[in-house]
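Colleague: Here it is, the structure, as structure tokens.
What follows draws every value from the coordinates through simple rules; no lab data is involved. Since this is a predicted model, take the numbers as computed values, not measurements. We place every Cβ from the backbone using ideal geometry, glycine too, and count neighbours over all the protein chains shown.
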Amino acid sequence: MIFEQVATGGCQSYLVGCETSRVAALIDPELTQIDRYLGLAARDGLRIRYAIDTHTHADHFSASRELAQRLEIPVVAHQLSPAPYVDLRLEDGELLQVGSLKIQALHTPGHTRDSMCLVCEDRVFTGDTLLIGGTGRSDLPTGDPDALFDSLFGKVLKLPPEMLVFPAHDYKGRSSSTIGAEIEANPRLQKRERSAFVDMMEHLNLSAPTHLTEALRTNMNGGKTVTQLLAEATAVVPFVSMTELARRVEGGDNGFIVLDVRERDAFAAGHIPGAKHLPRGQLELRVDQELPNPTARILTCCEFGRISVLAAATLRTMGFRHASALDGGMKAWREAGLPLTTEA
Ligand SMILES: [Fe+2]
């Protein structure tokens with residue numbers, strides 16, 4: 001087995017490949033690591049055939065859909081996954097053939113309704129069902145502590161004690177454990193009575209993960225993350241530095257239409273001399289009146305330098321081929337003591 005473990009933040013993902021046929025599956029890929037997975041697969045001489053999510057993640061962004069589109073491979077998840085873009089839905093006990101490797105799905109609901117663990121030779125990828133020294137939480141959408149009890153004590157912990165455990169998360173830099181070691185020392189697994197276990201899970205008082213809604217709309221519905229939208233816009237927009245713009249503003253004619261896309265009050269409180277005001281929210285509808293010359297050089301700016309990138313990308317989509325964005329925002333501009341005016 002060719003095996004690569006990729007840790008990012010607390011997330012763990014795995015590239016599992018067959019040595020003879022050189023095909024591979026990617027388990028719980030994370031959106032920021034796409035190039036790394038592709039790099040690892042290339043280095044190991046592997047072709048990725050499946051992108052598998054052990055469950056609908058609520059705390060980070062799955063790369064499965066993006067990878068599936070790029071590589072023309074199926075997204076694999078459990079039958080109960082709410083994601084409409086899942087191509088291959090596994091039932092409990094079904095297995096995938098990855099060359100000579102077999103990856104078997106165990107339906108292990110509890111952390112989420114669609115959670116599964118994946119058994120492959122000497123190891124099990126436990127998703128968020130079983131973590132090293134912990135378990136996944138059961139208080140997020142579709143979580144169920146009773147079901148988690150059954151999944152753990154009725155299924156996962158019945159695997160051979162020497163079987164290696166690779167979870168979807170570890171926040172302490174550990175890479176693996178074994179079923180035996182977890183039965184022995186995992187504090188949550190010491191509650192072996194259903195009622196005691198459920199009671200413990202119901203009183204963990206965990207705070208909601210950051211990005212919960214963003215993760216769910218992305219992972220359940222195939223939407224884009226804010227970071228993705230910004231990255232896509234950034235990739236098609238040229239930037240002008242604050243120093244360069246300041247130099248031109250001081251010289252009188254800057255050669256650009258500086259387009260300030262903030263709201264009216266922010267613009268009135270202080271803007272770059274000569275800037276034109278057109279709030280982002282009205283951009284598409286008013287652009288033809290406000291910017292009659294589609295060949296003009298337009299430089300967008302906003303408060304933090306993010307909305308301005310989206311605005312410049314929109315302008316380029318609309319045919320303003322010379323739209324660019326300020327590398328920075330008005331906050332940084334003010335802090336740098338660069339010229340400001342309140343004149344309309
Ligand atoms: Fe999770």
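Colleague: More than 15 angstrom separation, counting every C-alpha pair in the stretch 131-184; what % is that?
Modeller: It works out to 51 percent of all Cα pairs.
Colleague: Go through the stretch 257-267 residue by residue and turn each phi into a ³J(HN,Hα) via Karplus (6.51, -1.76, 1.60, θ = phi - 60°); whole Hz please, and just put x for glycine and proline.
Modeller: 3J(HN,Hα) across the stretch 257-267, in whole Hz: 8, 7, 10, 8, 9, 7, 6, 4, 5, 5, 5.
Colleague: If amide hydrogens are placed 1.01 Å from N in the peptide plane, which non-local residues have theirs closer than 5 Å to the one on T300?
Modeller: HN-HN under 5 Å from T300: L259, S324, A325, L326.
Colleague: Then there is this: From the gyration tensor of the Cα coordinates in the chain, what semi-axes in whole Å does the equivalent ellipsoid have, largest first, with each one equal to sqrt(5λ)?
Modeller: Equivalent ellipsoid of the chain: 50, 23, 17 Å, largest first.
Colleague: Only Lys, Arg, Asp and Glu count, each charged at its Cβ (+1, +1, -1, -1), so figure out the dipole size of the stretch 1-130 about its Cα centre, rounded to 20 debye.
Modeller: 280
Colleague: Rounded to the nearest 0.05, what FRET efficiency do E343 and R321 have when you use their Cβ-Cβ distance and R0 = 30 Å?
Modeller: 0.50
Colleague: Below 30 Å, Cα to Cα, which lysines can K331 reach? Residues fewer than 8 away in the same chain don't count.
Modeller: Here the lysines satisfying the reach criterion relative to K331 are K224, K276.
Colleague: Based on the Cβ-Cβ distance from E250 to Q79, what FRET efficiency comes out when R0 is 41 Å, to the nearest 0.05?
Modeller: Calculated value: 0.05.
Colleague: Using only the alpha carbons of the stretch 57-137, determine the length spanned along each of the three principal axes and report them from longest to shortest in whole angstroms.
Modeller: 37, 31, 20
Colleague: For R47, what residues show an amide H to amide H distance below 5 Å, using hydrogens built from the backbone and excluding near sequence neighbours?
Modeller: Hits under the 5 Å cutoff: V23, A24.
Colleague: Per residue of the stretch 193-209, in order, report the coupling 6.51 cos²θ - 1.76 cosθ + 1.60 (Karplus, θ = phi - 60°) as ³J(HN,Hα) in whole Hz, putting x for Gly and Pro.
Modeller: 8, 3, 5, 5, 5, 4, 4, 4, 5, 7, 10, 7, 6, 7, 7, 5, x
Colleague: Using the per-residue mean of other Cβ atoms lying within 10 Å as a proxy for protection, in what order, highest first, do the peptides 158-171, 49-62 fall?
Modeller: Final packing ranking: 49-62, 158-171.
Colleague: On to the next question. Which far-off residues, 5 or more places away or on another chain, put their amide H under 5 Å from the one on M163, with H placed in the peptide plane?
Modeller: I179, G180
Colleague: So for the chain: antiparallel DSSP bridges make up what percent, rounded to the nearest 5?
Modeller: Antiparallel bridges make up about 55 percent of those DSSP assigns within the chain.
Colleague: How large is ³J(HN,Hα), in whole Hz, for each residue of the stretch 175-181 in order, when computed from phi with the Karplus curve 6.51 cos²θ - 1.76 cosθ + 1.60 and θ = phi - 60°, using x for Gly and Pro?
Modeller: 9, 7, 9, 10, 4, x, 5
Colleague: Dipole of the stretch 2-223 (Lys/Arg Cβ +1, Asp/Glu Cβ -1, origin at the Cα centre): which of A25, N205, L95 lies farthest to the positive side?
Modeller: The residue sitting most towards the positive pole is A25.
Colleague: Mind checking which of Q228, T243, A196 is farthest towards the positive end of the chain's charge dipole, using Cβ charges of +1 (Lys, Arg) and -1 (Asp, Glu) about the Cα centre?
Modeller: Of the candidates, T243 comes out farthest on the positive side.
Colleague: If you take every residue apart from G223 with its C-beta less than 9 Å away from the C-beta of G223, what net charge results, scoring Lys and Arg +1 and Asp and Glu -1?
Modeller: Local net charge: +1.
Colleague: Taking the alpha-carbon centroid of each part, what is the distance from the stretch 87-104 to the stretch 184-208 in angstrom?
Modeller: Cα centroid to Cα centroid, the span is 31 Å.
Colleague: Now, a different point. Just to be sure I understand: with springs between alpha-carbon atoms less than 10 Å apart, which residue in Q33, Q69, Q282 has the highest mean-square fluctuation in the Gaussian network model of the chain?
Modeller: Among Q33, Q69, Q282, the largest GNM mean-square fluctuation belongs to Q282.
Colleague: Equivalent-ellipsoid semi-axes (√(5λ), Cα gyration tensor) for the stretch 170-242, whole Å, largest first?
Modeller: Semi-axes, largest first: 42, 17, 12 Å.
Colleague: Using the crude model of +1 on Lys and Arg Cβ and -1 on Asp and Glu Cβ, and no other charge, please compute the dipole size for the chain relative to its Cα centre, in debye to 20.
Modeller: The calculated dipole for the chain is roughly 660 debye.
Colleague: For the stretch 227-335, with only Lys/Arg (+1) and Asp/Glu (-1) charged at the beta-carbon, what is the dipole magnitude about the Cα centre, in debye rounded to 20?
Modeller: 80
Colleague: Related question: Can you give me the Cα centroid spacing of the stretch 292-322 and the stretch 46-84 in angstrom?
Modeller: 34
Colleague: Beta carbons within 10 angstrom, averaged per residue: use that to sort the peptides 201-207, 324-330, 272-278, 23-29, highest first.
Modeller: 23-29, 324-330, 272-278, 201-207
Colleague: Per residue of the chain, what 222 nm ellipticity follows from adding -39500 (n - 2.57) for every DSSP H run with n ≥ 4, rounded to the nearest 500?
Modeller: Helix-only estimate at 222 nm: -8500 deg cm²/dmol.
Colleague: Below 15 angstrom from the Cβ of L291, what's the summed charge of the other residues (Lys, Arg +1; Asp, Glu -1)?
Modeller: +2
Colleague: Something else about it: Using a Förster radius of 25 Å, what is the FRET efficiency between L95 and E232 based on their Cβ-Cβ separation? Nearest 0.05, please.
Modeller: After rounding to 0.05, the efficiency reads 0.10.
Colleague: Decide, for the stretch 227-335, between rounded, prolate and oblate: order the square roots of the alpha carbon gyration tensor eigenvalues as a ≥ b ≥ c, take rounded if a/c falls under 1.5, and otherwise choose prolate if a/b is larger than b/c, else oblate.
Modeller: Since a/c stays below 1.5, the shape of the stretch 227-335 is classed as rounded.
Colleague: Then there is this: Give, in whole angstrom and from largest to smallest, the semi-axes √(5λ) of the equivalent ellipsoid of the stretch 301-344, with λ running over the eigenvalues of the Cα gyration tensor.
Modeller: Ellipsoid semi-axes (Å, largest first): 23, 12, 8.
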